[in-house]
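Peer 1: Structure provided below as structure tokens; questions to follow.
The values are calculated or read from the model by the stated rules, or taken from the named source; none is laboratory data. Every value quoted in this text rests on a predicted model; they were computed, and no experiment measured them. With ideal geometry, Cβ positions are generated from the backbone for all residues, glycine too; neighbour counts draw on all protein chains shown. Side chains are part of the model used for accessible areas, which takes the heavy atoms of the whole protein and leaves out ligands, DNA and RNA. Shrake-Rupley method; radii C 1.70, N 1.55, O 1.52, S 1.80 Å.
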Amino acid sequence: MLFLCAVGMLILTSCRSSVESIDPEPELPIDIPEGDVSVAAYYFPNWGPVAESEWQLIKFAKPRFDGHQQPKVPLWGYENENEPTVMSKKIEAAVSHGIDAFIFDWYYFDQPHGKYLYKALEEGFLEAGNNTDIKFALMWCNHDVGDMKGAVSPATFTEIMDYIIEKYFKHPSYWLIDGCPYFSIYQMHTFIETFGGDVQKAAEAIELFRSKVKAAGFKDLHLNGVLFGLNNYMDVAVNNLKMNSTTSYVWIHHNALPSFPATKYEVAADQYFRNIENGGGANGLEKPAASIPVPYHLNVSMGWDSSPRCRNASDWMERRDYPYGAVITDNTPYLFKKALAKAKKITMQKPPGERIITINSWNEWGEGSYLEPDTRHEMKYLEAVRDVFK
């Protein structure tokens, strides 16, 4: 998703020049707890026509070290997600494998830019004949993209409120939590910057948003904050903006990958789950998740490999700034399934209304984290979700 995602977390110390070949993980039985959990997969909408999207980067990505699995080839081919028939296939696959909602990465900037990367949602999903089979929601990606600034003007935020209530919230498939439309903000600190750092003005804007949502016939707004962007604004978001919940976008926001050029999936998973229980991470998980004053929805990441976005640069081994840096390897469907089962076990201890898990991601091909089938594992990542949740 995030073209300029501030992954300072990826400044790494320990190095190795190659990675061993992947050995098959012995598929021992996995303890999967009973019970219902809502599963929401992030959806990155930049896979339209090849000439206009990131498909070109994926097609020509090269391995950067021994054992590096690139390019990653989509089993369905390089399809145009802006076409309703293509989106219908994605919806059917998601629903039949236990995905309850897509959370679309959603962009809206000051004029003259306005909406950005919106066609997959508006021309694909909203026109798909089976879009009532699955829920959808928005995560406002209010980070900078080139010269488009994430800290929009207050007037633009008012435009955003009105647009999403009318265009999205009123759609019968929009995801409601206890009758309230789910709306996530990726960078809460950037949202505060929209109002010049004035917390009171930011709070008034959210209160206006809530009043508009109620006037549209809903119980209230469900405001979610991604931990990565909360930083030192947790108290502000909870006490002033009345934030309803938190979650994460991807594991690597909370821990540096400890080995370069690659860290094994189990290491990254263990780091994240230790953070949940004991803290010790970054970007909101310095303390245990139980200390967050509003519900925290666990995240399960399928992997991490943003090397395609480096465009096969010759200095890949020397640089650590995003999209350079270490990748996750050995993220087999079996180990992904183990992580899903562990997240479900933790989530089942929560009250029913808080049993939500986010997954990174439905289609982050540019960051190596996707559920869509590829030619190597075919449908096995989706089958892992189905086995744990359906």
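Peer 1: With +1 on the Cβ of every Lys and Arg and -1 on the Cβ of every Asp and Glu, and nothing else charged, how large is the dipole of region 169-275 about its Cα centre, in debye rounded to the nearest 20?
Peer 2: 300 debye
Peer 1: How much accessible surface area, in Å² rounded to 10, belongs to the heavy atoms of T375 with a 1.4 Å probe?
Peer 2: Near enough 80 Å² of accessible area.
Peer 1: Given a Förster radius of 22 Å and the C-beta distance between Q349 and S96 as r, what FRET efficiency does 1/(1 + (r/R0)^6) yield to the nearest 0.05?
Peer 2: The pair Q349/S96 has a calculated efficiency of 0.20.
Peer 1: In the chain, how does Rg compare with the Kirkwood Rh, expressed as the Rg/Rh ratio over alpha carbon atoms?
Peer 2: 0.94
Peer 1: Taking R0 as 35 Å, what FRET efficiency do you get between N239 and K214 from their Cβ-Cβ distance, rounded to the nearest 0.05?
Peer 2: Result of the calculation: an efficiency of 0.95.
Peer 1: Oh, and also: Measure out, as a whole number of angstrom, how far apart the alpha-carbon centroids of region 359-385 and region 151-230 sit.
Peer 2: 30 Å
Peer 1: I would also like to ask the following. Provide the gained length on full extension for the span A282 to K59, in nm with one decimal, where the gain is 0.36 nm per separating residue minus the Cα-Cα distance.
Peer 2: 76.9 nm
Peer 1: Something else: Leaving out same-chain residues fewer than 8 places away, which lysines sit with a Cα under 23 Å from that of K264?
Peer 2: By straight Cα distance, K264 reaches K62, K72, K337, K338, K342, K344, K345, K380.
Peer 1: What spacing in nm lies between the two simple spin-label points modelled at Q69 and E27, each 7 Å away from Cα in the Cβ direction?
Peer 2: 1.4 nm
Peer 1: Using the Cα centre as the reference, give the magnitude of the dipole from point charges on the C-beta atoms of the chain (Lys, Arg: +1; Asp, Glu: -1; all else neutral), rounded to the nearest 20 debye.
Peer 2: It works out to roughly 400 debye.
Peer 1: Once you sort the root eigenvalues of the Cα gyration tensor of region 260-390 as a ≥ b ≥ c, which label holds: rounded (a/c under 1.5), prolate (a/b larger than b/c) or oblate (the other case)?
Peer 2: It comes out oblate by the Cα gyration axes.
Peer 1: While we're on this one: When the chain is treated as a GNM, springs tying every alpha-carbon pair under 10 Å, which of T194, T156, T247 comes out with the largest mean-square fluctuation?
Peer 2: Most flexible of the set in this elastic network: T156.
Peer 1: Heavy atoms only, probe 1.4 Å: what % of the accessible area of region 183-279 goes to carbon and sulfur, would you let me know?
Peer 2: For region 183-279, the apolar C and S fraction of the accessible surface comes to 45 percent.
Peer 1: For V226, tell me the accessible area in Å² from a 1.4 Å probe, rounded to the nearest 10.
Peer 2: Its heavy atoms expose roughly 0 Å² to the probe.
Peer 1: DSSP H helices in the chain with Cα extent of 20 Å or more along the helix axis and mean Kyte-Doolittle hydropathy at least -0.5?
Peer 2: Flagged H segments are 199-215, 333-347.
Peer 1: What is the distance, in nm, between label points placed 7 Å from the Cα along the Cα-to-Cβ direction at R319 and at Q111?
Peer 2: 3.6 nm
Peer 1: Using the heavy atoms of the protein chains and a 1.4 angstrom probe, tell me the accessible area per residue for region 320-378 in square angstrom.
Peer 2: 29 Å²
Peer 1: Quick check: Cα centre of region 279-305 to Cα centre of region 308-352, how many Å?
Peer 2: About 14 Å separates the Cα centre of region 279-305 from the one of region 308-352.
Peer 1: How much accessible area per residue does region 38-104 have, in Å², with a 1.4 Å probe?
Peer 2: So region 38-104 comes to 36 Å² accessible per residue, rounded to a whole number.
Peer 1: Can you return the lysines within cross-link range of K115? Criterion is Cα-Cα under 20 Å, with same-chain partners fewer than 8 residues away left out.
Peer 2: Within the straight-line limit of under 20 Å, K115 reaches these lysines: K149, K167, K170.
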